[in-house]
Structure formats: C-alpha cells, structure tokens
Amino acid sequence: MSFYRTRNIIMFDYSLNGLHLDRVDKIIDLGFLFVPSLDFRPHIDHIVGKAVLILGFIRRHSASFNSPKCLSVLYCALVRSVLEYGSIVWDPYTVGDILRLDRVQNRFLNNAGYCLNISHPPHDYQPINDILCLESLSVRRQTHSYRFISGLLNGKIDAPRLLEKLNIHVPSNTRYQGTFYLQTDRSNYAANAPLPRLMRLYNLYNL
C-alpha cells in the first residue's frame, strides 16, 4: 500500500448551533495576512496597497512643504512603518516582490524631489536620497533580521521556543566556521522560511 501527499483541500460545510459557518480563504492575525498556501505574496500586496494609499495622502497635503526633515519624518512614520512591520517573518526573496516594495519608496522620493525642487535624471532618485538619507528597504530588512537573531542568542529577546530551533554549529574541524549549521532544503519555500533565512543571514554577517 503506497502513501502519498495530496494538495487537494478537503471541503466540508461546518455549522455551529444550526448556523452555517462561512468559509474564508484569508485571515489577518497580528497584522499579517495569511492564506492557505502560507505564501506571503498576498500579505505584500496588502501592505503595498495600504502604503500607497497613505503615500497618496501625504502627497496631497505636502505639495507646499520645503523641509527635507519634515517629509522624511512623515514618510518614515506613516509609510515605511507599514512596509517594514514584521518583515523578519515575510521578508521577500523574489526580485519581483522586492521591487514592488522599493517602488513605494521611489514614489516618495519622486514626490520629495518635486516638493524640494531637486533636479534629477528620470528614474534616478539618488540625488534626492543624498539629501533625505534614507536607507534602502532591503538593507533595513536585513538589519532588522540580524538584530532579531542576535537578540535571541544574547538573551535580549526572551523566546526559548525559537531559540531551541536554531541549529547552532559545534565545530569539529576548521573548514566550516559558520555559527549555524544549515541543512539542505528541497525547495525555495523551505530555504526562505524565517528561521533558515535568519540563520543564513547571520552566518553571512559573521564570516
């Protein structure tokens, strides 16, 4: 008798006290959008859409602003905070998802260049960023991830259930110097799950 895995969803109509329970295909818990496939692309779609709406509000009310610090504070407090919330969980690994997040910051830089009258070549936002001094979203996500796993190791973050899942490498020879032992994963999904990704990032930072 052979056993195999199936991806077919078992459909069943549930009821409680005679009332039919509606089936949902997504749920928001602690600010994260979850779907049955546990893919975070719908969550990224959600936060990008939310950030764009807030950015539109800022653009409509900041046309007469001429203070770089004021614009930067508005963006960081209202828009970037949305794009970064819980990023150690859903940090994207595909180029398309990374670019979608970056485009939101580029939209802000483009609007800031208009408000501050900063000349720049089309689609080149570096002259504007030289004044606003905003780190790229990718760099900030990596920094947050590194600080989180460092906090686990040095006890600043009290999460014993996460700590026990870290594959700390006990050196038996001098060839492998990584802090964590990384197993070979069979899929990109498994390789980029939060803990394997955090351990891999920590190893890279401490080479």
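The values are calculated or read from the model by the stated rules, or taken from the named source; none is laboratory data. These numbers come from a predicted model, not from an experiment. Because the Cβ atoms are built from the backbone with ideal geometry, glycine has one as well, and the counts that use them run over all protein chains shown. Quick note on the areas: whole protein, heavy atoms, side chains included, nothing else; ligands and nucleic acids left out. Shrake-Rupley method; radii C 1.70, N 1.55, O 1.52, S 1.80 Å.
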Inset, instruction - Those residues that are modelled with pLDDT under 80 and open to solvent by less than 100 Å² (accessible area, probe 1.4 Å), I need them from the range 1-53; list them, please. - result: SER2, THR6
Legend entry - Any chance ARG60 is part of a helix (DSSP H, G or I), surrounded by 17 or more Cβ atoms within 10 Å (Cβ to Cβ) and either without any contact (Cβ under 8 Å) to a residue 12 or more places away in the chain or under 13 Å from the mean Cα position of the chain (by Cα) (or both): no
Inset, instruction - Consider ILE157 carefully, then state whether it is modelled with pLDDT of 85 or more, in contact with a Gly (Cβ under 6 Å, 6 or more places away or on another chain) and open to solvent by 30 Å² or more (accessible area, probe 1.4 Å). - result: yes
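Identify the residue in the range 175-188 that is without any contact (Cβ under 8 Å) to a residue 60 or more places away in the chain and open to solvent by 100 Å² or more (accessible area, probe 1.4 Å) and, among all such residues, is nearest to ASN206 (Cα to Cα). Give the steps one after another, and end with the answer.
Within the range 175-188, the subset without any contact (Cβ under 8 Å) to a residue 60 or more places away in the chain is 175-187.
So of that shortlist, the ones also open to solvent by 100 Å² or more (accessible area, probe 1.4 Å) come out as 175, 177, 181, 183-184, 186.
Details: ARG175: 15, GLN177: 9, TYR181: 13, GLN183: 18, THR184: 20, ARG186: 25 Å.
By that ranking, first place goes to GLN177.
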Legend entry - Residue list for the range 93-117, filter: surrounded by 15 or more Cβ atoms within 10 Å (Cβ to Cβ), under 23 Å from SER145 (Cα atoms) and in contact with a Lys or Arg (Cβ under 8 Å, 6 or more places away or on another chain): ASP97, GLN105
Inset, instruction - Just need a number here: residues in the range 122-141 that are under 22 Å from the mean Cα position of the chain (by Cα) and open to solvent by 80 Å² or more (accessible area, probe 1.4 Å). - result: 2
